Structure formats: C-alpha cells, structure tokens
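Structure first, then comments.
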Amino acid sequence: MLTEIHVVTLFPEWFDHLKGMGLTGRALEDGRITLRCFNPREHAEGVHRSVDDRPYGGGPGMVMRPEPLSRAIEQARSGSDAPVSGLSPQGRPLDQRAVERLAARSRLVLVCGRYEGIDERVSETLIDEEWSIGDFVLSGGEYAAAALMDAVIRLQPGVLGHEASAAEDSFSDGLLDCPHYTRPEVWRDRRVPPVLLGGDHAAIARWRREQALLRTARRRPDLLDSAGLDSAERAWLAGHTDDEG
Ligand code: SAM
C-alpha cells in the first residue's frame, strides 16, 4: 500500500494545490499518503544557486545540472529501496497495468525534469525507470507526475469509496468503460436507454458489457486482443460492430 510520495521538483509549490482537491487530494491532505517535495535548488551552491546550465555542444535551452539534482534525488530515495521514476517523453508509455504495479509500492520517488531535460549521466546512474504520459512534450515533469500520482492514489484501498469503483473504469478489465447516464430521463429529446430504467440487474450488467465491447471495438480496437474475450463475445461483437455510430 502506498504511504509516501517523494517528488524531486524545482517547483514544490506546484503540488500545494493538489492537496484537498477531490478524493485523491483528500488522501494527501488527511495524511493517508504523505507528499514531500525535494528541491534541487536547496542543494545548489554559489550566489545564484543555479540549477541549470547551457548544453555542451551548443544549441537552444538549458539542462538541469547534475550536482544539485543528484543530491535531491538521493535525499528523496533515502530510507527506502523504492525505484526512482523519472518523468520523460522518452519513457515507457504509462498505462493502467503500469499504474497498478506502481500503486503496489509503498513509496514513489518521482523526478520532474525542466528545460531541455536532465543531464544524461544522472539518468544513467540514478533513475531506475522512465515514464511518459503520451507522445507530446510538456514544459515540465510536474504535469506528468501529478497525472501519475492521481492514477496511483485512486487505486489505494478506501480512496474512492463505494460510489466510484476503479474496478469498473476503462482499462481495468482491458476494455473501455460503458456509457453512463443520470437524471433527467429525457434530455433534449434524448432518452436514457430503457434497460437502465427497468431494474433488471442481469440485463443491465449484460448491456454494460456489450456497450464496453462495442466502444472498445470502435474507438480502441488495439485493446481487444489482450482483453480476454471468450469465443461467444467475439462472435457477438463480429455481428454488432456496425451498430454504434
Ligand atoms: N528535450 C526533451 C525531449 O525532447 O525529449 C523534452 C524536455 S521537456 C521540455 C521538460 C521535461 O518535461 C522533461 O524532462 C520531462 O520531465 C517532462 N515531460 C515532457 N513531456 C513529457 C511526457 N510526455 N511525459 C512525461 N514527462 C514529460
């Protein structure tokens, strides 16, 4: 169970607003999970306490200097054998399976890059794994760290409560989630599917499963191969894939 998140960041104040916001923020605020930030600037020397410098070989941008960053990482990981996770567009794509594995750790150590990134020698020696949240470039690892943290915290026991079960969300069973509806029953001439109003729980469960299958087939067919469908579901899907617009 996750109890500690240590974040290496030049912007510790960035994380202040996460506390108390929503169910995952509450877990940080009430201390079920402690969030600590480690700022490389506090380990920087000299009048300017600079944490970045120009890249060798020239070119635009700055690079995070190894000395202050490495000291902050070492402080963040001390007292635990938790792997150090860097956030990087060059990392492994973060998916729900990876999030589930990260959620089983007791401490997460997250390293946020800025500028052009961190000195490669720090990556080689102090970062155990790198995670990307998508094929696009952010200006800082803080955005990616916050996304990873939220995904991991919501899987901790008791965080979501009964009302929102992570087990029914997209990807948990390999499929996208089914559509959801709430009151009113008719909105702008669009009706809630009648099966959801009838109280037949078996029929509702079947409809939800079918909708999840259809959505996945239409929007993310790449997920179907590893979603563990049985032959009846495959046959049903083959006969219905043109039904949903
Ligand atoms: N020069 C780097 C490159 O092209 O691979 C991009 C550096 S980016 C401007 C600054 C920092 O933002 C990175 O060091 C990383 O920590 C973070 N970052 C940017 N995009 C990311 C993504 N897709 N996933 C995770 N972290 C990302």
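The values are calculated or read from the model by the stated rules, or taken from the named source; none is laboratory data. This is a predicted model, so every value here is computed, not measured. Note: ideal-geometry Cβ built from the backbone for every residue, glycine included; neighbour counts use all protein chains shown.
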Problem set entry | The lone exception for ARG209 - which of (1) surrounded by fewer than 16 Cβ atoms within 10 Å (Cβ to Cβ); (2) more than 16 Å from the ligand (Cβ to nearest atom); (3) free of Cβ contacts under 8 Å to residues at least 24 places away in the same chain; (4) not in a loop (DSSP other than H, G, I, E, B) it fails | (3)
Seminar exercise, completed: So the strands (runs of 3 or more DSSP E) completely within segment 1-99 holding 3 or more residues that are surrounded by fewer than 14 Cβ atoms within 10 Å (Cβ to Cβ) and assigned by TED's automatic domain parsing to the domain that holds GLU129 are 84-93
Problem set entry | Residue selected from segment 138-147 under the condition crowded, with 18+ Cβ neighbours inside 10 Å and in contact (Cβ under 8 Å) with a residue 60 or more places away in the chain, by the criterion farthest from the ligand (Cβ to nearest atom) | ALA146
For this session: Starting from residues that are β-branched (Val, Ile, Thr) and more than 18 Å from PRO55 (Cα to Cα), keep the ones in segment 106-118 and report whichever is nearest to the ligand (Cβ to nearest atom).
Result: VAL111
Problem set entry | Qualifying position, being touching a helix residue (DSSP H, G or I) at 6+ places or on another chain (Cβ under 6 Å) and not small (Gly, Ala, Ser), among LEU213, LEU197 | LEU213
For this session: Go through (1) under 14 Å from the mean Cα position of the chain (by Cα); (2) within 14 Å of the ligand (Cβ to nearest atom) and name the single condition GLY59 misses.
Result: (1)
Exercise. For residues in segment 124-137 being crowded, with 17+ Cβ neighbours inside 10 Å and part of a loop (DSSP other than H, G, I, E, B), which is farthest from the ligand (Cβ to nearest atom)?
Worked result: ILE127
For this session: Taking ALA103 as the residue in question, decide whether it is touching a residue at least 12 places away in the same chain (Cβ under 8 Å), within 16 Å of the ligand (Cβ to nearest atom) and either in the same structural domain as LEU223 (by TED's automatic domain parsing) or aliphatic (A, V, I, L, M) (or both).
Result: no
Problem set entry | For ARG121: the one exception among (1) away from the ligand (no atom under 11 Å from the Cβ); (2) within 17 Å of the chain's Cα centre (by Cα); (3) within 25 Å of GLY86 (Cβ to Cβ) | (2)
For this session: Would you check if LEU87 is within 16 Å of the chain's Cα centre (by Cα), within 14 Å of the ligand (Cβ to nearest atom) and either under 22 Å from ALA151 (Cα atoms) or without any contact (Cβ under 8 Å) to a residue 24 or more places away in the chain (or both)?
Result: yes
